[in-house]
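A.B. asks: Sending over a structure as structure tokens; questions will come in a sec.
The values are calculated or read from the model by the stated rules, or taken from the named source; none is laboratory data. Because the structure is predicted, anything quoted here is derived from the model rather than measured. Note that each Cβ is placed from the backbone with ideal geometry, even for glycine, and that neighbours are counted across all protein chains shown. In case anyone asks, the SASA skips ligands and DNA or RNA and just uses the protein heavy atoms, side chains included. Shrake-Rupley method; radii C 1.70, N 1.55, O 1.52, S 1.80 Å.
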Amino acid sequence: MTSQSAPKKPLSGIRVLELGPYVALPLTGRILASLGAEVIKVETNKVLDEMNFIPAWSRGGGQPEFQRAKKRITIDVRTPDGLEVFKELVKVSDVFMTNFRRNILDRWGIDFPELRRLRPDIILMWQTGLGGIGPYYTYKSYGILVQHMGGVSLMSGEEGEPPATINTSYSDYHTGVFQPVAIMGALLRRKLTGQPATMESSIFKSGALTAGPAILDYQSNGRMPQRIGNRDPFAAPHGVYQCQGDDRWCAIAVQTEEQWSAFCRVIGSPDWCQEDTFSSLDSRLANQERLDELVGQWTADQTAEAVMTLLQDAGVPASVVSQGQDLHDSAHLKAREFYRPTPFYLADRSKPAYEWDGGEGIASAVPPKLSVSPMEFGSYSNIGEDNDYVFKELLGMSDADVTKFTENQSLY
Amino acid sequence: MPFQAPAEGVLLPPYRVLDLTGPEGVFCGKLLADYGADVIKVEPPAGDTTRQRAPFVGDQPGPERSAYFLFYNTNKRSVTLDLETPRGRELFKKLATSADVIVESFPVGHMKSLGLDFDTLKADNPGLVMASVTPFGQTGPWKDYKSSDLISLAASGFMQITGDPDGPPLRQGNEQSHFPGSQYAAAAIMGALFYRDMQDGAGQYIDVSMQEAMITYYTDAHPALAWMQRGENVTRVGTNSTLVIPLGAYPCEDGWISAGIITPREWENLSQWMYEVTGNEEILNDDYKGGNQDRAPYNDIITALVMDFTTRFTSEELFHQGQERNLVFIPVNTVSDLLADPQLEASNFWFDLDHAEAGTLKYPLGVFDSEDVSPVTKAAPHLGQDNGDIYGGELGLSETELSSLRAQGVI
């Protein structure tokens, strides 16, 4: 257990061993680390996480979002010496989590029953793209495509148009935030019952879950979800309206009669607001095309910020469709200290991570604000930066062994 | 409540959670309830407004038949309580002393105006964990801004990257805003309970902003960082990504197929397969080789070549044959495909839940498959079905007191 002097955090004394790249699994690790777990992230310079090379920002700039507050070490588990050191780590961990498929783990000699023999009370979280068991268990997948497989893209987009794609792997994040709930639950259960648990999750299942009420509607009424653009069966006007500037839009959602009256007042109570065709939700829904045109005429020569402020001041739901600059400069997000400065390391395939140059970027805080034991932003290590601590201090390996295994590229 | 072991085969201890949420936080209680917490939905005497929300089972309106309510309230219990009355608030305080967790999503300050804010409630229950899930959080200049699913998608910037570059920003059809804030709230609640019960810590208050939660659900696009480092605003890319090329949805013989080529080796495999099928040597061009960002300058020509290839196959052919070549082609499914999917079936994703009015339907409950723990399998509660058990049995109110509360419309 932890020393008496350090202030306790929610997961003080819990050690988590993380093996796997991309988004969902590392996000789970970051959340657990923010809550005070010691998360040991196993990577290798020989096969770098492709997330280091996402081009929307400087290479490696996004990695603090996923890897901060962790202990980052390098082990090539495909080498005999690396695998042995990995198994020593299993023995001192409360949780092992990975997102590799069974055929890959088999090839490397990582076998769940054996891990449980090495550490009988370990919690195992096994996450894959499509599922660790079942007919697709060997199938490879990427999170960004699961918006299609999980049923969401076919219900997103304009009527009669192709499915709208979201330029992100958002289903990954669902999985990434589900898993800490299950892991903490399993740790509590282990404490109370003495029983560990093995759990399997997939991006596919997380995505499919969010198809939500449409699944029940189809079963009971045979109805398929339709693409209806930005419209809503319970609100009008409801959509995004173009404003002054390049690709500038304001979203407006008028959900109640009170909001409709306030909306009409804000736009100067034009005559059309009084027409019977717009006097009730049903009539506004029935005449949406004309309504959208009239609202769009009002927004067209204003800034999106002005439209939002005027409407929100009158109690009407509205928001700028935020671009990167809006988020970066947002006074609201600044007041909440959402984005924070962080170092990062400029990823370069031609050399090992310890030779990478440093840079300064930003990372978001883990969103929940806990009043007594806050989510820690924590420090940011480079790949392999915590090798000495983990191999020598934690596992008690000799300097000579660590040097030898580093030189033979087992711990590399 | 004492720190109690979960029932056999259940994940979570039976923590008592009072769920006062609307759509902003309703999934938080569901997630905790599905895995074993004792979640009590506290509804106004007329019922939660989402009970009136279409579509209804069998297209017959009724407070026990809303697909929305049925989906988001599985495994919860229900009591009715009018928090607008002094006796209702008094009863809520009593209920709160028996709770481990309260989760609410009222406008900022509403609970305080009722005298039911965290500082007041913790006086009688120092171990209480209370979480608020609101559109913009409890502090900051936008804290009182009104919101909705659409507004959350706009404010977080999710819409900015959804849809066609020549069209407007688009909404996701699954009410995406229901998930991120609620999921983070559930994770934070578990952390706070862990702190209380494993580290001898105090109870605490949790502030979750849906906007912040949603921003972190597309960190791989990270628009604020892209703006800071490149001065560019990340935008919509239609059905094809610019993060990775080729990646997106492509037409095939029987609809759509999605594909993602991320590693240099995958490109080798795909380009070789495309050449075998189409005979077009262009795809073997050395300029196109390498990691995903190396193909960025050739997005248009590569996309055209990929479409010439995908339209020669069905979705199933590409899905399965792709995997044989270590390539990721993924079907574009609708809800009927999900219900028929062999993988979801094999991994215990679906559970049949019986409901007296809605009948037996398959619900997606198994986000975790395990031989050790399973989801709980109770359908959503009928309005106020647990008033007797909870107010009478557990809080010890007499039948006379209950009748009086009913007569006054408090419950």
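A.B. asks: Evaluate the Debye formula for the stretch B:243-294 with equal point scatterers sitting on the alpha carbons, no solvent, and hand back log10 of I(q)/I(0) at q = 0.15 Å⁻¹, in q order, two decimals.
C.D. replies: Summing over Cα pairs of the stretch B:243-294 leads to -0.43.
A.B. asks: With each pseudo-label sitting 7 Å past Cα toward Cβ, what's the B:GLU90-A:ARG107 distance in nm, one decimal?
C.D. replies: 7.0
A.B. asks: For the protein assembly as shown, divide the Cα radius of gyration by the Kirkwood radius and give the resulting Rg/Rh value with two decimals.
C.D. replies: Result: Rg/Rh = 0.96.
A.B. asks: By how many nm would the segment from B:ALA7 to B:GLU282 grow when fully extended, if each residue of separation counts as 0.36 nm and the alpha-carbon distance is taken off?
C.D. replies: Here the answer is 92.8 nm.
A.B. asks: Hey, which lysines would be in cross-link range of A:LYS392, C-alpha to C-alpha under 27 Å, not counting anything within fewer than 8 residues on its own chain?
C.D. replies: Straight-line reach from A:LYS392, under 27 Å: A:LYS8, A:LYS9, A:LYS41, A:LYS46, A:LYS70, A:LYS71, A:LYS87, A:LYS91, A:LYS351, A:LYS404.
A.B. asks: Name the trypsin sites (Lys or Arg not before Pro) in the stretch A:329-412 that are in a loop by DSSP and that have at most 16 other C-beta atoms within 10 Å, would you?
C.D. replies: Answer in residue order: A:ARG349.
A.B. asks: Average partner chain C-beta neighbours within 10 Å, per residue of B:344-351?
C.D. replies: 5
A.B. asks: Based on DSSP H runs of at least 4 residues, each adding -39500 (n - 2.57), what is the mean residue ellipticity at 222 nm of chain B after dividing by all its residues, to the nearest 500 deg cm²/dmol?
C.D. replies: -9000 deg cm²/dmol
A.B. asks: Taking only DSSP H segments of four or more residues, each worth -39500 (n - 2.57), what value at 222 nm results for chain A once the sum is divided by all its residues, to the nearest 500 deg cm²/dmol?
C.D. replies: My calculation for chain A gives -10000 deg cm²/dmol from helical runs alone.
A.B. asks: Out of every Cα pair in chain A, what percent are spaced more than 28 Å from each other?
C.D. replies: 58
A.B. asks: Continuing with the same structure: Only Cα pairs under 8 Å and at least 6 apart count here; give the relative contact order of chain A as a rounded whole percent.
C.D. replies: Relative contact order here is 19 percent.
A.B. asks: Do any residues of the stretch A:224-244 show a loss of at least 30 square angstrom of accessible area between the isolated chain and the full protein assembly, using a 1.4 Å probe, and if so which?
C.D. replies: A:MET224, A:ASN230, A:PHE234, A:HIS238, A:VAL240
A.B. asks: Below 8 Å between Cα atoms, with a sequence gap of 6+, how large is the relative contact order for the stretch A:200-340 in percent?
C.D. replies: 25
A.B. asks: Under a Cβ-Cβ limit of 4.7 Å, which cysteines in the protein assembly as shown have nobody to pair with?
C.D. replies: Taking the Cβ cut-off of 4.7 Å, the unpaired cysteines of the protein assembly as shown are A:CYS243, A:CYS250, B:CYS28, B:CYS252.
A.B. asks: Note down the relative contact order for chain B as a percent, whole number, built from C-alpha pairs under 8 angstrom at least six residues apart.
C.D. replies: Relative contact order here is 19 percent.
A.B. asks: Quick one: what does P(r) look like for the stretch B:291-338 with 10 Å bins over all Cα pairs, in whole %?
C.D. replies: 22, 42, 31, 5
A.B. asks: Turning to a different aspect of this structure: Averaged per residue, what accessible surface does the stretch A:238-327 expose to a 1.4 Å probe, in Å²?
C.D. replies: Value returned for the stretch A:238-327: 43 Å² of accessible area per residue.
A.B. asks: Separate question: Using only Cα atoms, locate the centre of the stretch B:119-175 and the centre of the stretch B:329-355, then give the distance between them in Å, rounded to an integer.
C.D. replies: Each part's Cα centre sits 29 Å from the other's.
A.B. asks: Moving on to the next point. Which residues, if any, in the stretch A:117-146 lose at least 40 square angstrom of accessible heavy-atom surface (probe 1.4 Å) when the other protein chains sit next to their chain rather than the chain being alone?
C.D. replies: A:ILE133, A:PRO135, A:TYR136, A:TYR139, A:LYS140, A:TYR142, A:ILE144, A:LEU145
A.B. asks: Something else about it: Would you check chain B for Lys pairs whose C-alpha atoms are within less than 19 Å, ignoring same-chain pairs closer than 8 in sequence, and give me the count?
C.D. replies: Taking chain B as the scope, the lysine pair count is 18.
A.B. asks: Continuing with this model, one more query. Please report the carbon-and-sulfur percent of the accessible area for chain A; probe 1.4 Å, protein heavy atoms only, DNA, RNA and ligands left out.
C.D. replies: 49
A.B. asks: Hey, another quick one. Springs between alpha-carbon pairs under 10 angstrom, Gaussian network model over chain A: which of A:ARG59, A:ARG72, A:ARG189 fluctuates most?
C.D. replies: Per the Cα network of chain A with a 10 Å cutoff, A:ARG189 tops the list.
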